[in-house]
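The values are calculated or read from the model by the stated rules, or taken from the named source; none is laboratory data. Since we're looking at a predicted model, the values are computed, not measured. Cβ atoms come from the backbone with ideal geometry, glycine included; neighbour counts cover every protein chain shown. Ligands, DNA and RNA are excluded from the accessible area calculation, which covers all protein heavy atoms including side chains. Shrake-Rupley method; radii C 1.70, N 1.55, O 1.52, S 1.80 Å.
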Amino acid sequence: MTDITNTNLEAALIDQSAAGAFPDKLYAFIAVIGGGGWQLGVAVANERGYNPIPGKTFEDQSEAKLWADGLNQHIGRDAESVTAIIISSMGGRRVEVLA
């Protein structure tokens, strides 16, 4: 997956919005169903649930996941770290956050 923020202005704006909304927090972008279709959300490590990103919707899960994966690559998250963040947001194993 390539960094989607390099080729898509809307993705870059979503990235900057999340960075401003979750400063100093460990988070990952996720594909979620809601609002009449697929959209993006942000899962924050060790916080229950996720935060929906309004406005951008996708026709199917694969397109939403492609965007989430690209945004995660941009912020330095690999699949393992994204999975750990998601699990911690579901009340599972906590993610150790290093300062």
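Report, to the nearest whole %, how much of the accessible area of the chain belongs to carbon and sulfur atoms, 1.4 Å probe, protein only.
Roughly 53 percent, rounded to a whole number.
What translational diffusion coefficient, to the nearest whole µm²/s, does the chain have by Stokes-Einstein, given a Kirkwood radius computed over alpha-carbon pairs, a temperature of 20 °C and 1.002 mPa s viscosity?
160
Rounded to the nearest whole Å², what accessible area per residue is found for the chain with the 1.4 Å probe?
61
Which value at 222 nm does the chain reach when only helices count, each DSSP H run of 4 or more adding -39,500 (n - 2.57), with the total divided by all residues and rounded to the nearest 500 deg cm²/dmol?
It comes out at -12000 deg cm²/dmol, rounded to the nearest 500.
Work out the length of the dipole vector of the chain about its Cα centre, built from +1 on the beta-carbon of each Lys and Arg and -1 on the beta-carbon of each Asp and Glu, and round it to the nearest 20 debye.
The dipole magnitude comes to about 360 debye.
Would you kindly derive the ³J(HN,Hα) couplings of the range 6-21 from the backbone phi angles with the Karplus curve 6.51 cos²θ - 1.76 cosθ + 1.60 (θ = phi - 60°), listing them in order in whole Hz, with x for Gly and Pro?
So the Karplus estimates, Gly and Pro as x, are 6, 10, 9, 4, 4, 5, 4, 5, 4, 4, 5, 5, 5, 4, x, 7 Hz.
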